[in-house]
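Below you'll find the structure, written out as structure tokens, and then a few comments.
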Amino acid sequence: MASSGRLFAEVALRPLRLYDDGFSSDFSAVSDANLTYSDDRRGEIQFGRQRFLRGPSQITLFGSLVRQGSREVMDAVRVSPNIGRGRTLELAYLYDAFPRSLPFRIGGAQKGFYGRAGVESKAGNFGVNLLRYTNTPVNSTLGASLDFSVPLARNEVELYGEVGRDMFRRRLTSIGLTFPGLFERSDFDVYLEYARLRGGNNIADPPNEISARVYRRVNQRFNAVTALSRFSDNNTNFTLGISIGARSSGLPRLSP
């Protein structure tokens with residue numbers, strides 16, 4: 001990554017090979033490659049392969065309108081104007097919503113439009129999401145959802161979720177809990193989440209999912225994460241990950 005004045009650029013590579021019953025598949029890809037122009041008064045505009053992470057639903061495969069199927073990376077032009085304190089707005093043209101191997105191998109360029117408006121306040125955070133594909137192989141429409149994040153016990157327990165209808169007319173419902181008080185006392189960042197996506201006529205419904213994920217910062221250079229997902233088709237996934245060399249302090253400012 002590099003920055004110069006109001007310009008910021010980053011590139012990231014993901015080397016990944018999957019092994020299953022003696023067969024291997026190469027899913028290596030360029031996971032980030034973008035250029036951002038940022039102005040404190042006007043906002044920012046971003047070009048290239050970038051991550052869409054807005055909204056509280058994070059850990060279930062189909063708990064988010066925008067990040068269905070564990071997708072968060074898209075090739076896009078995104079504008080985020082500054083519309084005032086406590087308010088956010090994002091508008092994007094997607095020139096490939098499913099880049100190859102991120103996370104699946106899907107050919108062609110799936111184009112579309114994305115929009116999100118959010119409000120952040122002491123009572124909670126709320127957002128409206130819109131997503132439309134323009135060239136899907138099956139009939140699709142405008143997907144829309146409302147997400148929320150509100151405290152159940154101030155600084156201790158937070159309730160979040162997302163409800164709406166996706167681009168294939170399936171009813172989206174997700175709900176979760178996180179525990180900021182536990183994180184402050186122990187460095188354990190815990191998420192519990194449930195997701196359901198049902199009722200579409202043009203595409204199969206995925207199984208319901210209950211997931212738990214725990215992050216733990218060991219020190220400035222070591223971080224660990226464990227995740228457990230249970231699906232209604234009786235499948236269970238468990239993941240353990242460790243990052244070495246990551247630092248929690250700010251990144252240095254670099255010049256190209």
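Every read-out reported here was derived from the displayed coordinates using simple, explicitly stated rules and does not represent laboratory data. This structure is a prediction, so every number in the text was calculated from the model and none was measured. Every residue, glycine as well, gets a Cβ built from its backbone with ideal geometry; the counts of neighbours run over all protein chains shown.
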Checklist entry - Using r as the Cβ-Cβ distance of L159 and L240, and R0 as 25 Å, what FRET efficiency do you calculate, to the nearest 0.05? => result 0.35
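Mind checking the dipole of the chain: about its Cα centre, +1 per Lys or Arg Cβ, -1 per Asp or Glu Cβ, Debye to the nearest 20?
With Lys and Arg at +1 and Asp and Glu at -1, about 440 debye.
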Checklist entry - Cα convex hull of segment 2-244: how many Å³ per residue? => result 153
Next on the checklist: I need the shape label for segment 43-121. Rule: rounded when a/c is under 1.5, else prolate if a/b > b/c, else oblate, with a, b, c from the alpha carbon gyration tensor.
Outcome noted: oblate
Checklist outcome for this item: Binned at 5 Å starting from 0, the alpha-carbon pair-distance distribution of segment 79-122 in whole percents comes out as 6, 19, 19, 15, 12, 13, 9, 6, 1
Checklist entry - Of S174, S140, L152, which is farthest on the positive side of the dipole of segment 136-203, counting Cα position, with +1 on Lys and Arg Cβ, -1 on Asp and Glu Cβ, and the Cα centre as origin? => result S140
Checklist entry - Sorted by packing (mean other beta-carbon atoms within 10 Å per residue), highest first, where do 227-235, 91-99 land? => result 91-99, 227-235
Checklist outcome for this item: Computed from the beta carbon distance with a Förster radius of 25 Å, FRET efficiency for L142 and R51 to the nearest 0.05 stands at 0.65
